[in-house]
1. Calculate the translational D of the chain in whole µm² s⁻¹ from Stokes-Einstein, where the hydrodynamic radius comes from the Kirkwood formula applied to all Cα pairs, the temperature is 25 °C and the viscosity 0.890 mPa s.
2. Report the residues of the range 69-105 in range of a label on residue 44: point 7 Å along Cα→C-beta, backbone N strictly under 20 Å from it.
3. Give me the distance in nm between label points sitting 7 Å out from Cα along the Cα-to-Cβ direction at residue 104 and residue 206, one decimal.
4. What is the distance in Å between the Cα centroid of the range 143-195 and that of the range 90-135?
5. Using r as the Cβ-Cβ distance of residue 37 and residue 264, and R0 as 51 Å, what FRET efficiency do you calculate, to the nearest 0.05?
6. Could you give the length gained by full extension between residue 132 and residue 243, i.e. 0.36 nm per residue of separation minus their alpha carbon distance, to one decimal place?
7. For the chain, what does the helix formula give at 222 nm: sum of -39500 (n - 2.57) over DSSP H segments with n ≥ 4, over the residue count, nearest 500 deg cm²/dmol?
8. Kyte-Doolittle cut-off -0.5, length cut-off 18 Å along the helix's own axis using Cα: show which whole DSSP H helices in the chain pass.
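None of the figures in this text is laboratory data; all of them are computed from the coordinates on show. The structure presented is a predicted model; accordingly, all values stated were derived computationally and were not measured. Note that we place each Cβ from the backbone using ideal geometry, even for glycine, and neighbour counts take in every protein chain shown.
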Amino acid sequence: MNVPWRDRRGRVLPLKATILVCLFIPGILNAAWLATDQLGGRPVMEVIHGTGLWAIRFLMISLAITPFARALDWPGLLLVRRNVGVAAACYAVAHLFLYVVDQNFKLLTVVSEIALRFYLTIGFAALLVLLALAVTSTDGWTKKLGRNWKRLHKLAYPVGAVALLHYYIQSKLNVSEPVFVSGLFIWLMAWRSVPEAWRRKQGIAFTAALYGGLAVASGLITAGLEFAWYGLATKVNPWRVIAANESIAHGLRPAHWVFVVGISLVVVFVARRMMPTARPVRRVAA
């Protein structure tokens with residue numbers, strides 16, 4: 001039997017076991033806080049937000065695993081991608097279930113709200129597709145669907161975009177984390193848009209320059225996205241947001257953090273390739 005902490009040969013893999021434990025931690029913490037009355041006046045709503053947040057985080061992490069595995073020459077990292085993606089779907093299901101609980105199990109009200117509120121409609125649509133991806137992530141479905149399996153699972157990217165829009169609308173005024181996560185998603189999409197031949201070049205200088213360029217471009221686009229959101233969806237003066245992005249006197253903005261993450265990947269990539277004991281670069285599947 002194929003279990004989440006073993007490989008296809010039945011061997012226990014420490015990395016998979018460790019990641020599996022980590023995937024449970026947010027849920028356990030939210031349950032503990034709920035049980036000990038540490039979540040304020042609307043505890044169920046707080047857990048609804050928490051599970052939704054971790055669903056998006058785990059979805060983005062699952063999408064980031066391939067480029068990070070390639071940059072770090074760590075093919076074994078791909079072994080946890082399925083677990084992380086399924087965890088995202090599980091947290092999304094918990095997110096919906098808790099919303100039903102918050103509505104006192106009034107299913108007609110739930111259906112009406114989902115149908116009439118745009119951000120709930122798109123969130124529910126994203127959940128349905130994410131569930132389909134989780135169900136078909138098994139080896140059996142991979143064989144059954146053949147070439148169509150990869151086509152189906154490319155839907156994870158539009159699901160990510162829709163989930164982020166849901167996150168923005170739900171967050172209302174303070175969109176710092178949605179903007180940051182969107183910036184990382186932009187980096188991932190930019191990486192995917194780079195021609196495959198470029199992504200597979202072995203030269204340290206070329207690849208470092210490529211990742212550095214993606215970091216700069218993603219940071220700038222993130223700043224533009226934050227400007228556009230505040231200008232179009234709120235009454236906040238977007239030029240104040242631009243001014244905040246031009247200085248770090250009051251702390252780093254989401255665009256700065258996206259740039260920091262991107263440049264950190266460049267540093268780790270160069271260090272990894274320059275290690276005298278480093279293995280030859282292996283081919284990592286897209």
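1. The Stokes-Einstein estimate is 118 µm²/s.
2. Flagged as within label range: 91-105.
3. Simple spin-label model gives 6.5 nm for this pair.
4. Centre-to-centre (Cα) distance: 18 Å.
5. 0.85
6. So the chain would gain 35.7 nm between residue 132 and residue 243.
7. -24500 deg cm²/dmol
8. 14-35, 43-71, 81-102, 118-135, 156-171, 176-193, 204-233, 254-274
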